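Heads up, the thing below is written out as structure tokens.
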Amino acid sequence: MPSLPQTAGADPAAAAAAARPPRRKELSNLQFALVVTVPVLLFLLVVVAYPLGYALYLSFHEIRFFGGYSAEFVGLANYKAALADPKFWRSLGLSLRFTVETVVLTIGIGLALALVLRDLKPRWRWLRAMIILPWAVSPYGAGIFFAYFGRGQTGIGTALISAFGFDGTLNLITQAAVIEYLALGAAWNMAPLVAFFLLANMLTTPKRLYDLAKIDRMRSYETFWHVTLPPLRFTLFVFTCISTVLALKTFDYIFTETQGGPGNSSTVLTYLLYQISFVNLDLGYGAAMSFFLLALILGTTGLIYALWGRREERK
Amino acid sequence: MTGIKTTRRQAVAMLLGATALAAGGLPARAEDLAASSGETVYFRGWQFRTDVVQGNVDRYNSEMGGNVDYATVTGDYPSIMEKTLIAKGDLDVLYANPSSAVRYMGGGWVKPASELPNGQEIADAMYPNIREAWSVDGKLLGLSYFVTTRGAMLVNMKAVEKAGMTAADLPTTWDEFYDAVYKMHEAGIENPFLPHWFAEYFGVSWGFVFEVMNRGGQVADPETHAPVLTADGPAGDTLRAWKKLWKSGIIPEEVLSYNEAGYIDAFRSGRYAFSPQQLYDIKTFNDPAQSADIAGSVTLLSAEKQSWGLIDSALYVMTNRKRSAALESDVEKFVSWYGYKDQDGTFAVANRWLEENMLFSAYKPVMESDAARDSVSKSLMKPEDYDTVLDVYASAPYPKSIWNVVWSEEFNFWLRDKLFEFLQNDLAPEDVIDAANAEMERLNKRYNI
């Protein structure tokens, strides 16, 4: 067997190390994240900085279009006015209610769908492709669809009760329940995507873990809790953040479904902002209020990260 | 039948031609209205019979060599158009309600129709009251798209008869009307009344305004725009009647979230006996192809003792964005052809609207033609209703005090929200009236009025 030529008197281990290509230091998670995201962030900065800066400028001014355009500096007056406006607080409450319900329903329905899709028999697996269809519907379309679906006159409630022989109408878009109904529609729209990602995660869980669970005589909920759920937690965290942001800034879906109604029962913060900025043309006040919405979005996602995301990262 | 139709059409065309000659002088020559710039004229409107509009535009493009781009705008039409105007977007001619047009004029974004070469002729062809409603500082805002009555109280006689009432028992004032509603409910009609409380910008707020005006009141002073609502006047009476109605449970809550289509569908379903609707929709409701459940049984309440509804109208308005001189001329030609007379001197578009959808016009020659009588008569339940339709149309008030002012749209949305709050949160009528007066004062102050 031929051997490698060796230099007389040299340490073989050192020679082998010298022969190897120089070892590069592995990028840390943070470095890798920066490499991937910094170009995008720079692009966003350019695209977002101007409108954001302009919105900030507007928020310190009273803008008038009638009798000639004018912008009068008013300092923090618009911010103070927003904080003193009962409509702002009411809409804020409705936004939070809608968001919490949407996120819970989206994640819950998404998880349930993923479990169902995972266990489908081979001949039913085509359903995995079909189930994504609701996500393909635009929020605008979903709004129109759910508006007809919920009304007493044309809706499913009336169809159901008449199927049972009752004469009358059942309206689902009521002052008391409109937010819940909106959240259900928003979850219908988003949950299939969650289900798809969770399903992809579930399919990577080794089957032997389930076999071991059987050997340990785990009950089904124990298996779910100790085997199925742990690998899903990071995906669930990510989608909780995404759903939260989407729910807080939902506008078109609510605009087409309820127009902030019945009455103003679903006038969430985005809808109020629309009325102030685009109907009343009170751009300064609208801009100031929009920064509260921005703060709410950043604060909520930051809180979710602090309470949940960091823990998942450590794991 | 075809032969008779042709003959009648020919007669109508001759009559219209003669009337047009008498009212407006010689017809425009084709070359006066032909497009010449080769540039695109952007024409935008809301979604209503887009097939008819596209057909008219196609005719102009084909016969006048025009390059008009027509499209519709969905959603909150006034706000979207306002943003397009502010941004000086691709927009040359648009539909507008008078209240919006006044606001656009206040912003300096539109060009008055008075500045058209034939502006005076157009103004002269209009009914004086409409011309006045559509004018600000002596300038005519636009050309006539339609004029109708929103809030004409339509009656589904099938439901009325089901409650044991006859045409002779029909109410003639708002107070009598509410009495009749409760009586019908007691007689077993679950939903006798579909009120004008829907969610569109022309829904519940307009419903309040026309009821106040039908009862003889005003929302603000027509000249100074200072608020004049009082709790012991028509505004208070209206709100108290609404409160009682809402608390009675007769009105389904879903009405508050209807859009216009939902509102029309609801009445078309036959569930309701009365509803304040667009006057021209009586044609839709009496058409078996469109409203099988109520067709042939929809009449309207008489305006003998009081008016019903308000004058609802729309105009074709020109923008004043920067254009080449040739394009400017094309815009003027198109709007004149479309909103006034075509190259044959005929009110072609206005006549077609009357024929197709019973949309009335601001132009005297259109409304005083036999074609108008024919068109309206065949849309009615009974021939006698023709006079009632004209009475309701003629007596409907125009809320100049809150529409011919720059804050009109803002107040309208504010009022919409406040009225919903009034119903859903059980506010006192006095508080709503005080708040409405305060809001108008605030807006007057904001706009230095």
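Please treat every number below as a calculation from the coordinates, not as lab data. Just so it is clear, the model here is predicted, and its values are computed rather than measured. FYI the Cβ positions are ideal-geometry reconstructions off the backbone, even for glycines, and counts take in every protein chain you see.
Listed values, structure above:
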item: Convex hull projection area averaged over all views, region A:103-315, Cα basis, nm²; result: 15.7
item: Listed residues A:26, A:180, A:62, most fluctuating in chain A (Gaussian network, C-alpha, under 10 Å); result: A:26
item: Region A:110-127 - phi-based ³J(HN,Hα) in whole Hz, Karplus 6.51/-1.76/1.60, Gly and Pro as x; result: x, 5, 4, 5, 4, 5, 5, 5, 4, 8, 5, 6, x, 6, 9, 5, 4, 4
item: Reference-scaled alpha-carbon Rg (2.2 N^0.38 Å with N residues) for chain B; result: 0.99
item: Relative contact order (percent, whole number), region A:103-315, Cα cutoff 8 Å, 6+ residue spacing; result: 26
item: Rounded if a/c under 1.5, otherwise prolate or oblate - region B:328-449, Cα gyration tensor axes; result: oblate
item: Candidates A:183, A:147, A:84, ranked by Gaussian network fluctuation over chain A, Cα under 10 Å, top entry; result: A:84
item: Debye intensity ratio I(q)/I(0), log10, the protein assembly as shown, q values 0.06, 0.07, 0.08 Å⁻¹ (C-alpha model); result: -0.47, -0.62, -0.78
item: Test item: Cα-centred dipole of region A:103-315, Lys/Arg +1 and Asp/Glu -1 on Cβ, debye; result: 1120
item: Rg followed by Dmax, in Å, when region B:202-299 is reduced to its Cα trace; result: 16.1, 48
item: Other protein chain Cβ atoms within 10 Å, averaged over every residue that makes up A:62-74; result: 3
item: In order through region B:124-136: 3J(HN,Hα) via Karplus (6.51 cos²θ - 1.76 cosθ + 1.60), integer Hz, x for Gly, Pro; result: 5, 7, 8, 5, x, 5, 6, 4, 5, 5, 8, 10, 10
item: For residue B:42, residues with placed amide H under 5 Å, excluding near neighbours; result: B:69, B:92, B:93
item: Ratio of the Cα radius of gyration of region B:218-373 to 2.2 N^0.38 Å, where N counts its residues; result: 1.39
item: Under DSSP loop assignment and at most 12 Cβ neighbours within 10 Å, longest chymotrypsin sites (Phe, Trp or Tyr not before Pro)-free interval of chain A; result: A:167-315
item: Amide H contacts under 5 Å for residue B:96, placed H, 5+ residues apart; result: B:315, B:317
item: Average beta carbon contacts from partner chains per residue of B:254-264, 10 Å cutoff; result: 6
item: For region A:256-263, 3J(HN,Hα) per residue [Karplus equation, 6.51 cos²θ - 1.76 cosθ + 1.60, θ = phi - 60°, Hz, x = Gly/Pro]; result: 7, 7, 10, 6, x, x, x, x
item: Over region B:280-336, relative contact order from alpha-carbon pairs under 8 Å, at least 6 apart, %; result: 19
